[in-house]
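Below: one structure, written as structure tokens.
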Amino acid sequence: MSKKSDVPNHLSLILDGNRRWAKSKGLPTFAGHRKGYQNLKDTVDYAIEKGVHFVTAFIFSTENWKRSVKEVNFLMDLAYKMVTKDISELHRKNIKALWLGSHDGLSPKMLTAISKAEELTKNNTAGTFGFCFNYSGQQEIADALKNLIKQKVDAAKVTTKLIEKSLYAPEVPPIDMVIRTSGEQRISNFMIWRLAYSEIYFSSKLWPDFGKKDFDDALDFYAGRDRRFGQ
């Protein structure tokens, strides 16, 4: 069987190129992250307007802790702003917010803010935005298995469906298409379970420069795919 659709139900974004964008313009790294964050907000709005139901974005990986303390602190502050001051904007647009990631290393203040953002928007129906923050695809699977072990699930009863129900935000479906910017062609430990049968679109544009025309080109690519899901 094949399945064709003009618009992915679940679209993921690997936001690559913020730092290179800033460097190319002689700006500090932080300027690239600010520009990239604004572009993320615009892109989420545009994707949902186009009919995408789930948009997830790789915002901060567990590997990103290895960056400079100054940059990590800036990214933490930006994420905190996202789930506190800016969450009202998502709520006003009737968009649901979900967090996918590990608790390890995050401050109680950040975890509380994330929980409040999810609670505020939980009944919204226009679309869902999942921010993958402090996220690792391998760690997500490991945490899912830990949950099953804690539940004392018999090994013989472990199935793919059972693992899916133990992933972060299990209501988020498999990814139909992932977009990665900046010319890099790898998935970098992102959503490796949900990416199993996704279409992958690589763009040479740096993330802050990835606009509506680029997004429409990605949708055209997706609409032309004949998805067979291994069959």
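The values are calculated or read from the model by the stated rules, or taken from the named source; none is laboratory data. Because the structure is predicted, anything quoted here is derived from the model rather than measured. Because the Cβ atoms are built from the backbone with ideal geometry, glycine has one as well, and the counts that use them run over all protein chains shown. Surface accessibility is based on the protein's heavy atoms, side chains included, excluding ligands, DNA and RNA. Shrake-Rupley method; radii C 1.70, N 1.55, O 1.52, S 1.80 Å.
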Against the definition (charged (D, E, K, R) and in contact with a strand residue (DSSP E or B) (Cβ under 6 Å, 6 or more places away or on another chain)), how does K109 come out, yes or no? no
With the requirement that a residue be touching a Phe, Trp or Tyr at 6+ places or on another chain (Cβ under 6 Å), open to solvent by 20 Å² or more (accessible area, probe 1.4 Å) and not in a loop (DSSP other than H, G, I, E, B), what does segment 213-231 give you? F221
Test: residue in segment 188-211 that is more than 25 Å from S102 (Cβ to Cβ) and assigned to a helix (DSSP H, G or I): yes
Restricting segment 22-51 to residues that are among the hydrophobic types (A, V, I, L, M, F, W, C) and surrounded by 21 or more Cβ atoms within 10 Å (Cβ to Cβ), which is nearest to R186 (Cα to Cα)? L40
Being modelled with pLDDT of 95 or more, under 16 Å from L13 (Cα atoms) and aliphatic (A, V, I, L, M), is that true of even one residue in segment 131-151? no
Enumerate the helices (runs of 4 or more DSSP H) found wholly within segment 66-161, keeping only those where 3 or more residues are open to solvent by 70 Å² or more (accessible area, probe 1.4 Å), out of contact with any Ser or Thr (no Cβ under 6 Å at 6 or more places or on another chain) and not aromatic (F, W, Y). 69-83, 108-121, 137-150
When residues of segment 196-210 are filtered for being closer than 15 Å to L40 by Cα and open to solvent by less than 40 Å² (accessible area, probe 1.4 Å), how many remain? 4
Looking at segment 129-148, I want the residues that are within 22 Å of V44 (Cα to Cα) and have a partner that is part of a helix (DSSP H, G or I) and open to solvent by 40 Å² or more (accessible area, probe 1.4 Å) with Cβ atoms under 7 Å, at least 6 apart or on another chain. Which pairs are those? N134/T62; Y135/T62; S136/T62
Residue pairs, Cβ under 6 Å, 6 or more apart or interchain, first in segment 62-87 and within 24 Å of D143 (Cα to Cα) and of a type in the set (V, I, T), second assigned to a helix (DSSP H, G or I) and open to solvent by less than 60 Å² (accessible area, probe 1.4 Å). List them. V83/A113; V83/I114; V83/A117
If you go through segment 181-195, how many residues are open to solvent by less than 50 Å² (accessible area, probe 1.4 Å), over 16 Å from N134 (Cα atoms) and polar (S, T, N, Q)? 2
Evaluation of E63 against (1) touching a strand residue (DSSP E or B) at 6+ places or on another chain (Cβ under 8 Å); (2) under 21 Å from I14 (Cβ atoms); (3) open to solvent by 30 Å² or more (accessible area, probe 1.4 Å); (4) part of a helix (DSSP H, G or I) (one fails), failing number: (1)
Yes/no for L167 being farther than 29 Å from R34 by Cβ, surrounded by 17 or more Cβ atoms within 10 Å (Cβ to Cβ), modelled with pLDDT of 95 or more and more than 18 Å from the chain's Cα centre (by Cα): no
